[in-house]
Amino acid sequence: MAVTDDALVLDATTRDALLDHAREGANRERPAEICGVLGGTRGPPDHVTDARRVPNVATHPRTEYELDPASTMETIDRIEDAGGEAVGFYHSHPESDPVPSATDRARATWTGYVYVIVSPVADAIRAYRFTGDGFTEIPVRVD
């Protein structure tokens, strides 16, 4: 995964919301990946000002995520109705580093969009742009 000149810009409030949501998932009796839709303005760079939670409907939520399809589309509609754009998606790895897993790579479908992975263990957020063939890591900046 090569790092490019592209970037994801988060406001501090959204960064904190992503980390808090990931910690909630990690601190459950049965840790689970959390997920949601990122709203803002597509770039480059992409600016994210809104992180909206979407239920994880995966069969094995401790090690994988699947955004609830109906909730995802409703969430994207709400972001657009508020004047924003869907920038991408986020999920957490409650017990590992924020690097795409084999499952993450196999299930990605939104070419050109950003996929953010949050790790409460590492207290880190990393971003990847899906190219259609794989992920390219992009820097995360907080403004």
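Every number in this text was worked out from the coordinates using simple rules, so none of it is lab data. The structure presented is a predicted model; accordingly, all values stated were derived computationally and were not measured. Here Cβ is always computed from backbone atoms with ideal geometry, including for glycine, and neighbour counts include all displayed protein chains.
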Between D20 and E95, what FRET efficiency comes out of the Förster formula 1/(1 + (r/R0)^6) with R0 = 22 Å and r the beta carbon distance, rounded to 0.05?
0.80
For the pair T131/E74, report the inter-label distance in nm, with labels modelled 7 Å from Cα in the Cβ direction.
3.7
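From Cα pairs below 8 angstrom and at least 6 apart in sequence, can you work out the relative contact order of the chain, rounded to a whole percent? Mind dumping the intermediate values first?
Values: 325 pairs, mean separation 42.2, N = 143.
Over the chain, the number comes to 29 percent.
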Per-bin percent of Cα-Cα distances, segment 19-95 [5 Å]:
3, 18, 25, 21, 17, 11, 5, 1
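When the helices in the chain are scored as -39500 (n - 2.57) per DSSP H run of 4 or longer and the sum is shared across all residues, what 222 nm value do you end up with, to the nearest 500 deg cm²/dmol?
Numbers: 3 runs with 34 residues, N = 143.
Calculated from helices alone, the mean residue ellipticity at 222 nm is -7500 deg cm²/dmol.
Provide the net charge surrounding R42, with neighbours chosen by a C-beta distance below 15 Å and charges set as Lys +1, Arg +1, Asp -1, Glu -1. Working shown, then result.
Values: positive: R129; negative: D6, D46, D50, E80, E85.
Spelling it out: positives minus negatives among the neighbours equals -4.
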To the nearest 20 Debye, how big is the dipole of the chain about its Cα centre, given +1 on the beta carbon of each Lys and Arg and -1 on that of each Asp and Glu?
240
For segment 1-97, which GluC sites (Glu not before Pro) pass both filters: DSSP loop (anything but H, G, I, E, B) and at most 11 other C-beta atoms within 10 Å?
E29
27 Å tail of the calculated P(r), segment 8-142, as % of Cα pairs:
9
